[in-house]
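**Student:** Below you will find the structure I want to go over with you.
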Amino acid sequence: MKRLITVCFSLMAMAQVSARECLTNAVETTPDDVFSAVTADTILHIPTGLIWQRCALGQTWSNDTCTGDAEQLTWQQALLYAREYDAELLEGWRMPNVKELASLTERNCVRPSVNSTFFPATPQDSFWTSTPSLNDAERVWTVAFFNASYSIKEKQRAVYLRLVRTNLPD
């Protein structure tokens with residue numbers, strides 16, 4: 001019986017974690033009209049003029065959603081990935097700073113706290129930024145898409161990544 005109760009509570013907790021919750025009657029911080037699709041897998045955030053990868057590293061855009069398992073990297077691995085990714089394309093892809101990444105958070109929602117129309121299947125966890133901690137050279141700022149919070153994490157931790165570039169004129 002004790003095991004059955006534990007399983008029931010675990011299932012309830014998982015169901016609660018997976019359901020997006022938003023404040024009612026609140027003004028959205030990232031409504032659909034502040035985004036525009038550039039390509040199938042890139043999105044323009046109009047207020048900042050930044051172009052974002054629609055999916056986290058490891059995921060691919062397919063059938064109107066991000067599919068596959070997002071990958072986590074250490075901060076050094078993430079920096080190298082961004083450099084190597086752009087070395088081939090030469091489009092200015094890079095790791096975002098904390099203010100840039102925070103501009104994507106939907107502060108009125110949790111699980112996830114991001115615009116789900118333009119960034120579906122976003123992992124509900126921390127994403128790397130390029131912004132280092134001023135007090136600790138071994139830590140970097142991250143933004144969590146679970147609840148739109150910011151935190152400082154050790155560079156050796158494994159964290160998700162989404163690249164950004166400035167919208168350049170044609």
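The values are calculated or read from the model by the stated rules, or taken from the named source; none is laboratory data. In this text, all values refer to a predicted model and were calculated from it rather than measured experimentally. Every residue, glycine as well, gets a Cβ built from its backbone with ideal geometry; the counts of neighbours run over all protein chains shown.
**Student:** Restricting attention to segment 32-63, which residues are within 17 Å of the chain's Cα centre (by Cα) and either of a type in the set (Phe, Trp, Tyr) or in a loop (DSSP other than H, G, I, E, B) (or both)?
**Tutor:** PHE35, ASP41, THR48, TRP52, ARG54, CYS55, ALA56, LEU57, GLY58, GLN59, TRP61
**Student:** With the condition kept exactly as written, say whether any residue in segment 69-83 is modelled with pLDDT of 95 or more, in a loop (DSSP other than H, G, I, E, B) and hydrophobic (A, V, I, L, M, F, W, C).
**Tutor:** Yes, segment 69-83 contains a residue that is modelled with pLDDT of 95 or more, in a loop (DSSP other than H, G, I, E, B) and hydrophobic (A, V, I, L, M, F, W, C).
**Student:** Still on this model: Could you go through segment 30-47 and let me know if any residue there is closer than 19 Å to VAL140 by Cβ and touching a Phe, Trp or Tyr at 6+ places or on another chain (Cβ under 6 Å).
**Tutor:** So far as segment 30-47 goes, no, none of its residues is closer than 19 Å to VAL140 by Cβ and touching a Phe, Trp or Tyr at 6+ places or on another chain (Cβ under 6 Å).
Rundown of residues vs (1) without any contact (Cβ under 8 Å) to a residue 12 or more places away in the chain; (2) exposed (fewer than 13 other Cβ atoms within 10 Å of the Cβ), yes/no style:
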| position | (1), (2) |
| --- | --- |
| ALA40 | no, yes |
| LEU44 | no, no |
| GLN53 | no, no |
| SER62 | yes, yes |
| ASP69 | yes, yes |
| TRP75 | no, no |
| TYR85 | no, no |
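**Student:** Can you name the condition, by its number, that ILE152 falls short on among (1) part of a strand (DSSP E or B); (2) touching a residue at least 40 places away in the same chain (Cβ under 8 Å); (3) within 16 Å of THR74 (Cβ to Cβ)?
**Tutor:** (2)
**Student:** Give segment 114-141 a look and list any residue that's surrounded by 17 or more Cβ atoms within 10 Å (Cβ to Cβ), over 18 Å from GLN59 (Cβ atoms) and polar (S, T, N, Q), or say none.
**Tutor:** Result: THR129, SER130, THR131.
**Student:** Where residues in segment 93-113 are touching a Leu at 6+ places or on another chain (Cβ under 8 Å) and modelled with pLDDT of 95 or more, which of them is farthest from THR166 (Cα to Cα)?
**Tutor:** Per the criteria, the residue is SER103.
**Student:** Which one of these is in a loop (DSSP other than H, G, I, E, B) and either in contact with a helix residue (DSSP H, G or I) (Cβ under 7 Å, 6 or more places away or on another chain) or among the charged types (D, E, K, R) (or both): THR29, THR117?
**Tutor:** None of the others qualify; the one that does is THR117.
**Student:** Does any residue in segment 119-146 that is over 22 Å from ASN108 (Cα atoms) come within less than 7 Å, Cβ to Cβ, of a residue that is of a type in the set (S, T, N, Q) and buried (at least 22 other Cβ atoms within 10 Å of the Cβ) six or more places away or on a different chain, and which pairs are these?
**Tutor:** Final answer for the pair search is VAL140/THR129.
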